[in-house]
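Peer 1: Here you go, one structure.
Computed from the coordinates by the stated procedures, all read-outs in this text should not be read as laboratory data. Bear in mind that the values here come from a model prediction, so they are computed numbers and not experimental data. Glycine also receives a Cβ, built like all others from the backbone with ideal geometry; neighbour counts cover every protein chain displayed.
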Amino acid sequence: MSDTKEKILLTALRLFAQDGYEAVSTSMIASEIGITKGALYKHYKNKQDIFDSIIARMFEIDHARAKALGLPTDTYNDDPEAYKNVTVEEDIEYTKSYFRFWTEDEFGKNFRRMLTIEQYRNPQAKKIHDMIMGGGGFEHATNMYRKWIKEGSIKDDNPELLALEFSSVFLFLINLSDTISDIDHLENLLHLYLKRCLKTYKVEKPEENET
């Protein structure tokens, strides 16, 4: 991707996250970068094309992160079978990685903020927001807890309540990152919470107790 095309995409995302999609025009994006609308249209057909490219970039990032951690790479796959070999520890590392992405990565922060604004008026954004931070995310977490309970990795409990507890803590800490500058402190709180979850719910198998 050319430098200009990349600048257009990242600038548009920042403006969408700040003012909302409807309030931002291609003229505003071009002016922010210091190019003409004609130059912008050499890279993107229109504003919707830029928005679609931002969504596609998010899918690419998610795919790469999952692959790096050895997890299923189908973006936002809600099929429990796809995650049948994912351990509790692997999912915790994935959770930590995503927290850093949503709170520290410039693309991640702006993408999350854009979804927060656009979920109420853009069906495409609403669907993705739901998959990541709404009902879809909750259902995924429930399925993961249900799987771990069934295989004996964690203690038998209500998977929906476990998912509700996790989602509440995770999303609340992410939201706090928009108003609290000490991200390291918030990340540490997440780590302490996850550590407590392991201590409380994880079932230690015989080989784990061997010295």
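Peer 1: In segment 121-184, which trypsin sites (Lys or Arg not before Pro) fall in coil by DSSP and have 12 or fewer other Cβ atoms within 10 Å?
Peer 2: Here the sparse-neighbourhood loop sites are Arg121, Lys155.
Peer 1: Next up: Using only helices, what value at 222 nm comes out for the chain when you add -39,500 (n - 2.57) per DSSP H run of length 4 or more and divide by the total residues, to the nearest 500 deg cm²/dmol?
Peer 2: Mean residue ellipticity at 222 nm (helix-derived): -22500 deg cm²/dmol.
Peer 1: State, to one decimal in nm, how far the label point of Asn158 lies from the label point of Thr4, with both points 7 Å from Cα in the Cβ direction.
Peer 2: 5.9 nm
Peer 1: To continue, here is another question. Based on the alpha carbons, how large is the Rg to Rh ratio for the chain when Rh follows Kirkwood?
Peer 2: 1.04
Peer 1: Something else about it: In segment 27-63, which trypsin sites (Lys or Arg not before Pro) are in a loop and have at most 15 other Cβ atoms within 10 Å, using DSSP for the loop call?
Peer 2: When the trypsin sites (Lys or Arg not before Pro) of segment 27-63 are filtered for loop state and at most 15 Cβ neighbours within 10 Å, Lys42, Lys45 remain.
Peer 1: Here's something else I'd like to know. Go through segment 106-148 and name the chymotrypsin sites (Phe, Trp or Tyr not before Pro) that are in a DSSP coil and have 11 or fewer other Cβ atoms within 10 Å of their Cβ. Numbers along the way, then the final one.
Peer 2: Details: sites: Phe107, Phe111, Tyr120, Phe138, Tyr145, Trp148; in loops: Tyr120.
Listed in order of number, the matching sites are Tyr120.
Peer 1: Ok, one more. How many nm is it between the label spots at Asp182 and Arg146, if each spot is 7 Å from the Cα in line with the beta carbon?
Peer 2: Output for this residue pair reads 4.0 nm.
Peer 1: Now for a separate question. Starting from 0.36 nm per residue, how many nanometres of slack lie between Val169 and Lys45 once their C-alpha separation is accounted for?
Peer 2: Working: separation 124, 0.36 × 124 = 44.64 nm, distance 4.06 nm.
Answer, rounded to one decimal: 40.6 nm.
Peer 1: To continue, here is another question. 5 Å is the cut-off here: which amide hydrogens, built 1.01 Å from N in the peptide plane, fall below it relative to Ile154, excluding neighbours closer than 5 in sequence?
Peer 2: When sequence neighbours closer than 5 places are left aside, the close amide H contacts are Ile149, Val203.
Peer 1: Cα gyration tensor of segment 158-206, axes a ≥ b ≥ c as square roots of the eigenvalues: rounded (a/c below 1.5), prolate (a/b > b/c) or oblate?
Peer 2: Judged from the Cα gyration tensor, segment 158-206 comes out oblate (a/c at least 1.5, b/c at or above a/b).
Peer 1: Using a Cα-Cα cut-off of under 19 Å, which aspartates and glutamates could be cross-linked to Lys67, ignoring same-chain neighbours fewer than 8 residues away?
Peer 2: Asp78, Asp79, Glu81, Glu89, Glu90, Asp91, Glu93, Asp105
Peer 1: Find me the longest stretch of the chain that has none of the exposed GluC sites (Glu not before Pro), where exposed means in a DSSP loop (not H, G, I, E or B) with at most 13 other Cβ atoms within 10 Å.
Peer 2: Numbers: sites that count: Glu22, Glu204, Glu210.
It works out to 23-203.
Peer 1: Defining a contact as two alpha carbons under 8 Å apart and six or more residues distant in sequence, what relative contact order in percent does segment 101-211 show?
Peer 2: 22 percent
Peer 1: I've got another one for you. Taking the chain as the reference, fit the longest principal axis to its C-alpha atoms, fit the long axis of helix 47-68 to the helix C-alpha atoms, and give the angle between the two in degrees, 0 to 90, nearest 10.
Peer 2: 30 degrees
Peer 1: Okay, next question. So which of Lys109/Lys155; Lys127/Lys147; Lys126/Lys202; Lys127/Lys199; Lys126/Lys155; Lys109/Lys147 end up more than 27 Å apart, counting from Cα to Cα?
Peer 2: On the way: Lys109/Lys155 35 Å; Lys127/Lys147 25 Å; Lys126/Lys202 34 Å; Lys127/Lys199 35 Å; Lys126/Lys155 34 Å; Lys109/Lys147 31 Å.
Violating the 27 Å limit, Cα to Cα: Lys109/Lys155; Lys126/Lys202; Lys127/Lys199; Lys126/Lys155; Lys109/Lys147.
Peer 1: So which lysines can Lys45 reach, going by Cα to Cα under 22 Å and dropping same-chain residues fewer than 8 places off?
Peer 2: The reachable lysines, counting only those whose Cα sits under 22 Å from Lys45, are Lys5, Lys7, Lys37.
Peer 1: What percent do you get for the relative contact order of the chain when only Cα pairs under 8 Å and 6+ apart count? Numbers along the way, then the final one.
Peer 2: Details: 160 pairs, mean separation 38.4, N = 211.
RCO, the chain: 18 percent.
Peer 1: Give me Ile50, Ile35 sorted ascending by neighbouring Cβ count inside 10 Å, so fewest comes first. Don't jump to the answer; show the numbers that get you there.
Peer 2: Values: Ile50 23, Ile35 16.
Least crowded to most crowded, the residues run Ile35, Ile50.
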